[in-house]
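Q: Dumping the structure here so I can ask a few things about it.
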Amino acid sequence: MIIITQPSVTDAQIEHIVARIEEYGLRSQVMRGTSRIVIGLIGPEELIREKPLSAIPGVESVVPVAKPYKLVAQVNGAPPPPVAIGKVKIGSGQKIALISGPCSVEGKQQLLSIARKVKKAGARALRGGAYKPRTSPYSFQGLGEDGLRFLAEARAETGLPIVTEIMDTRDLPVIAKYADCLQIGARNMQNFALLKEVGCSRLPVLLKRGLSATINELLMSAEYILSEGNPNVILCERGIRTFETYTRNTLDISAIPIIKKLSHLPMTSDPSHGTGLRDKVPPMARASVAAGADALLIEVHPDPDKAFSDGAQSLYPDQFSKLMDELRMIAPAVGRKIA
Ligand code: PEP
Ligand code: MN
């Protein structure tokens, strides 16, 4: 951390700043330039992070040098370890996996029908919510444990591992009986109790970016999970709120290369929630592959017009197969392949 002082700083103020730094357990180095005095802080920055240094008289700004997240930060040089959902490795070198299925598990036939179709088209994991975060309490809330049972049946038949959302710490024991990967949705990205709870689990966690969360906040949420001992976190860009109203959210494609540089964790993209519009999902899926995503989450429904949730953004099964063919052509252009 570096403190830049105001041009008008007095010697007494410098002494006061140095005394504070030393009280906090760090050492300081005062560097006098021709027009400014800069004070370097030496020692663990955590000791000082919460301290109100910028409000001390004579301080102009405080510039952190180290990143606030440690465990999720890129390990220099080492190849990033993949995270396994069942037997499917996400973030392992070249391969890009498709995690597909309906927004909500609506019934056994609906789920089995779409699981067979996405499997045939080349998806590697099945998604589907049994506990749904809905804006209205009067909207379909999910089938709960019945939905989890249907997911397990679909897995038994197709071999696809399952990704399903957890919203409440109290549901972890039941969801963990069935799921291969726990999804933490955008609305719960900063539910710190939930992050800590899944951090104590060994199941992989798919952590989605919050509706208005910065990249830094997403990485800090991932840090919560890793700091509890669970290293198996997969990050997901799912669109953020902007002033644009044409799309449901604005898919921040730039988050993909940014996060891949900042963190060793696999980075994925969800163009379904990222756009909210069926016909915009394939172009944004193609762009996500080109931008370096390690996996894509795509909502597909056997009959989207009748879907209980997110029908407008769910692909028809044929559209999904066509998209898979396109992605198989795009991936090699960026040194990847569709798993
Ligand atoms: C979902 O995946 O169906 C979902 C609710 O996603 P998000 O949390 O990104 O809105
Ligand atoms: Mn959805």
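The values are calculated or read from the model by the stated rules, or taken from the named source; none is laboratory data. This one's a predicted model, so the numbers in the text were calculated from it and none came from an experiment. Note that we place each Cβ from the backbone using ideal geometry, even for glycine, and neighbour counts take in every protein chain shown. Surface accessibility is based on the protein's heavy atoms, side chains included, excluding ligands, DNA and RNA. Shrake-Rupley method; radii C 1.70, N 1.55, O 1.52, S 1.80 Å.
Q: Just name the residue that is farthest from PRO64 (Cα to Cα) out of those in segment 32-51 that are without any contact (Cβ under 8 Å) to a residue 12 or more places away in the chain and open to solvent by 80 Å² or more (accessible area, probe 1.4 Å).
A: That would be THR34.
Q: Kindly establish whether GLN74 is in contact with a strand residue (DSSP E or B) (Cβ under 8 Å, 6 or more places away or on another chain) and polar (S, T, N, Q).
A: yes
Q: Tell me which residues, restricted to segment 71-103, are polar (S, T, N, Q) and either assigned to a loop (DSSP other than H, G, I, E, B) or open to solvent by 50 Å² or more (accessible area, probe 1.4 Å) (or both).
A: GLN74, ASN76, SER92, GLN94
Q: What about GLN29, is it free of Cβ contacts under 8 Å to residues at least 24 places away in the same chain and over 22 Å from LYS261 (Cα atoms)?
A: Spelling it out, GLN29 is indeed free of Cβ contacts under 8 Å to residues at least 24 places away in the same chain and over 22 Å from LYS261 (Cα atoms).
Q: Would you check if there is a residue in segment 288-297 being at positive phi and in contact (Cβ under 8 Å) with a residue 40 or more places away in the chain?
A: There is at least one residue in segment 288-297 that is at positive phi and in contact (Cβ under 8 Å) with a residue 40 or more places away in the chain.
Q: Look through segment 201-226, keep the residues that are charged (D, E, K, R) and part of a helix (DSSP H, G or I), and return whichever of them is farthest from VAL174 (Cα to Cα).
A: Across segment 201-226, the extreme among qualifying residues is GLU217.
Q: Among the residues of segment 130-178, what is the count of those that are in contact (Cβ under 8 Å) with a residue 60 or more places away in the chain, within 14 Å of ligand 2 (Cβ to nearest atom) and not charged (D, E, K, R)?
A: So the answer is 3.
Q: Another question, if that's okay. Tell me which of these SER272 doesn't satisfy, since it passes every other one: (1) surrounded by fewer than 24 Cβ atoms within 10 Å (Cβ to Cβ); (2) within 15 Å of ligand 2 (Cβ to nearest atom).
A: Just one mismatch for SER272, condition (1).
Q: Quick one: how many residues across segment 236-249 are within 15 Å of ligand 1 (Cβ to nearest atom) and either surrounded by 19 or more Cβ atoms within 10 Å (Cβ to Cβ) or among the polar types (S, T, N, Q) (or both)?
A: Residues in segment 236-249 being within 15 Å of ligand 1 (Cβ to nearest atom) and either surrounded by 19 or more Cβ atoms within 10 Å (Cβ to Cβ) or among the polar types (S, T, N, Q) (or both): 8 in total.
Q: Tell me, yes or no, whether segment 104-122 has at least one residue that is open to solvent by less than 10 Å² (accessible area, probe 1.4 Å), within 16 Å of ligand 1 (Cβ to nearest atom) and part of a strand (DSSP E or B).
A: yes
Q: Let me ask something additional. Would segment 299-306 turn up any residue that is open to solvent by 10 Å² or more (accessible area, probe 1.4 Å), within 18 Å of the chain's Cα centre (by Cα), within 29 Å of SER136 (Cβ to Cβ) and not acidic (Asp, Glu)?
A: no
Q: I've got another one for you. Which of the residues belonging to segment 1-55 are assigned to a loop (DSSP other than H, G, I, E, B) and of a type in the set (D, E, K, R)?
A: Selection gives ARG36, GLU45, GLU50, LYS51.
Q: Another question about this same structure. Do you know which residues across segment 159-174 are closer than 26 Å to GLN109 by Cβ and crowded, with 17+ Cβ neighbours inside 10 Å?
A: Result: LEU160, PRO161, ILE162, VAL163, THR164, GLU165, ILE166, MET167, ASP171.
Q: Let me confirm something: among VAL289, VAL281, which residue is closer than 21 Å to PRO82 by Cα and assigned to a helix (DSSP H, G or I)?
A: Answer to the selection: VAL289.
Q: Please determine, by comparing only the residues of segment 307-335 that are in a helix (DSSP H, G or I) and within 16 Å of ligand 2 (Cβ to nearest atom), which one is most open to solvent (accessible area, probe 1.4 Å).
A: Ranking the qualifying residues of segment 307-335, first place goes to ALA312.
Q: Would you confirm whether or not segment 190-203 contains a residue that is over 19 Å from PRO80 (Cα atoms) and within 16 Å of ligand 2 (Cβ to nearest atom)?
A: Checked against the condition, which is being over 19 Å from PRO80 (Cα atoms) and within 16 Å of ligand 2 (Cβ to nearest atom), segment 190-203 yields no hits at all.
Q: Still on this structure, I have one more. Just to be sure I understand, how many residues within segment 175-196 are buried (at least 20 other Cβ atoms within 10 Å of the Cβ) and outside any loop (DSSP other than H, G, I, E, B)?
A: Residues flagged as buried (at least 20 other Cβ atoms within 10 Å of the Cβ) and outside any loop (DSSP other than H, G, I, E, B) within segment 175-196 amount to 9.
Q: Still on this structure: Out of curiosity, is ASP252 charged (D, E, K, R), assigned to a loop (DSSP other than H, G, I, E, B) and either more than 30 Å from LYS67 (Cβ to Cβ) or open to solvent by 20 Å² or more (accessible area, probe 1.4 Å) (or both)?
A: It is true that ASP252 is charged (D, E, K, R), assigned to a loop (DSSP other than H, G, I, E, B) and either more than 30 Å from LYS67 (Cβ to Cβ) or open to solvent by 20 Å² or more (accessible area, probe 1.4 Å) (or both).
Q: Does GLY229 qualify as being in contact (Cβ under 8 Å) with a residue 12 or more places away in the chain, assigned by TED's automatic domain parsing to the domain that holds VAL118 and part of a helix (DSSP H, G or I)?
A: no
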